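> Starting off with a structure, shown below.
The values are calculated or read from the model by the stated rules, or taken from the named source; none is laboratory data. Quick caveat: nothing in here was measured; it's all calculated off a predicted structure. All Cβ positions, even for glycine, are placed from backbone atoms using ideal geometry, and neighbour counts span all protein chains on display. Note: accessible area is taken over every heavy atom of the protein model, side chains too, but ligands, DNA and RNA are not part of it. Shrake-Rupley method; radii C 1.70, N 1.55, O 1.52, S 1.80 Å.
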Amino acid sequence: MALVEQRSVDALSPLVPIRHGRMSLSPFAFYRGTAALMAADLARLPVTGLRAQLCGDAHLTNFGGYASPDRRLVFDVNDFDETLPGPWEWDVKRLAASFVLAGAQIGLSPGEQNRMARRSVGAYRSAMREFAETNTLDTWYARLEVDKYVKGLPEEVRTRARRLTRSALDHNSLQALGKLAVEIDGEYRIRSDPPVLVPLRELDLGRSTEDVETIVATVLATYRKSLAPNRRVLLDRLHPVDVALKVVGVGSVGTRCWIVLLEGRDRDDPVFLQVKEAGRSVLEDHLPRSPYRHPGRRVVEGQQLMQASRDIFLGWTTGPEGRAYYVRQLRDGKVSVNSSRVTAAGMRVYAELCGQTLARAHARSGDAVAIAAYLGSGDAFDRAVAEFAEAYAQQAVDDHTRFMEAIDAGRLSAAMD
């Protein structure tokens, strides 16, 4: 409970009850919001001594599809708030335990939950073995294109997967404009939906309008410096129109996360950027600190190292009061699994997909040959991690019970948004 409370110390206090409310929904929701708790537990366990760039929060909903710069839908790790170099097996364990918890959430039997965890780890092991035998450049260029992957899926999940992929590329800034903006005096402005979406014009910042505009311009100018020169040319063709505070995720609720509406050619040429606060990784309490003093750069560099295709707007900046942020597109073909609605057949496919993807992400920075040699060709590692995952999932269930007791006792406040 002390670790849970610690995560709220520097958060926006009105949003903390919403984070607790989202975490209260299920043991899996609680697990999603407690990367710091698992990091503290993993730090007490033996490690292999082999390192890679870690996601740091590799549960199954932190994977998903998005549009690459060449407009292909690819599947990859998509959350890097906690990224840091560390023991590669920490990511594998967090992924496996997430499949046990998500399996329980959709009503799978304990045996099926164990098989889901084994499937994710087995896919990781098999893929790492392939990367150990792959040329270095081929490993670096490897990516999972969703269209090609879907063709090989079992018929029972292929139709649903194709429907999702067709709709994914429609998740763009124009679609976001329809959901997030309203027309005011002939101009688009971000709509108001407190507390999850609050335009800057409605926030009491204790500053004049001119001061706020200067701050926004300064933040964007600092962000511009983090981009490659060709990306700066692109950014210079856009101008900011509106800014809002937006609640995102589960564990991220309470961090300062802004969305910026920019326009290019005209009002029907929008781009939404997300400017999200970056702090110390929860792994830095247990591992050597990041070599990057700016936490936003830590996130960006980790993402560039792990992802096969990266957002062209990815960068970092510093905001008021010296707070660090990283910047990315808010919506660009992004699609993710709904863990509470996926079928057992879909979960089996998704477990393999996440395991393969995590192996590729680790192989880019870690020693694929050494990791593959440690894993071996048998399934001993799969079974061992699945057993760990079952035990840790039960720990998460117990912790969720204590969390709910703290809410009932008034120690923690919780609200549903």
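> Output the residue which, of all residues in region 45-101 that are open to solvent by 10 Å² or more (accessible area, probe 1.4 Å) and aromatic (F, W, Y), is farthest from D170 (Cα to Cα).
W90
> When you scan region 53-73, how many residues do you find that are under 25 Å from A391 (Cα atoms) and small (G, A, S)?
Looking only at region 53-73, we keep the residues that are under 25 Å from A391 (Cα atoms), and these are 54-63.
Then drop every residue that is not small (G, A, S), which leaves 56, 58.
Of the residues in region 53-73, 2 are under 25 Å from A391 (Cα atoms) and small (G, A, S).
> For region 318-330, name all the residues that are at pLDDT 90 or above and out of contact with any helix residue (DSSP H, G or I) (no Cβ under 8 Å at 6 or more places or on another chain).
So in region 318-330, the residues at pLDDT 90 or above come out as 318-319, 322-329.
The answer is G322, R323, R328.
> Something else: With the condition kept exactly as written, say whether any residue in region 342-353 is surrounded by fewer than 20 Cβ atoms within 10 Å (Cβ to Cβ), touching a residue at least 40 places away in the same chain (Cβ under 8 Å) and within 18 Å of the chain's Cα centre (by Cα).
No, because not a single residue in region 342-353 is surrounded by fewer than 20 Cβ atoms within 10 Å (Cβ to Cβ), touching a residue at least 40 places away in the same chain (Cβ under 8 Å) and within 18 Å of the chain's Cα centre (by Cα).
> Assess whether V92 counts as being at pLDDT below 95, within 16 Å of the chain's Cα centre (by Cα) and not in a loop (DSSP other than H, G, I, E, B).
On the way: at pLDDT below 95: no; within 16 Å of the chain's Cα centre (by Cα): yes; not in a loop (DSSP other than H, G, I, E, B): yes.
No.
> Related question: Could you tell me which of the residues A36, A29, A40 is at pLDDT 95 or above, in a helix (DSSP H, G or I) and surrounded by fewer than 17 Cβ atoms within 10 Å (Cβ to Cβ)? Working first, answer last.
On the way: A36 fails: surrounded by fewer than 17 Cβ atoms within 10 Å (Cβ to Cβ); A29 fails: surrounded by fewer than 17 Cβ atoms within 10 Å (Cβ to Cβ).
On inspection, the qualifying residue turns out to be A40.
> Can I ask one more? Among the listed residues G296, G333, G315, identify the single one that is modelled with pLDDT under 95 and open to solvent by less than 10 Å² (accessible area, probe 1.4 Å). Don't jump to the end; show me each part of the working.
Working: G296 fails: modelled with pLDDT under 95; G315 fails: modelled with pLDDT under 95.
Exactly one of G296, G333, G315 is modelled with pLDDT under 95 and open to solvent by less than 10 Å² (accessible area, probe 1.4 Å), namely G333.
> Within region 368-379, work out how many residues are within 10 Å of F131 (Cα to Cα) and surrounded by fewer than 19 Cβ atoms within 10 Å (Cβ to Cβ).
Total satisfying the criteria: 1.
> For a quick check of your reading: which helices (runs of 4 or more DSSP H) sit entirely within region 160-276 and have at least 2 residues that are open to solvent by 50 Å² or more (accessible area, probe 1.4 Å), at pLDDT 95 or above and under 29 Å from V74 (Cβ atoms)?
Counting at least 2 such residues, we get 209-225, 229-236.
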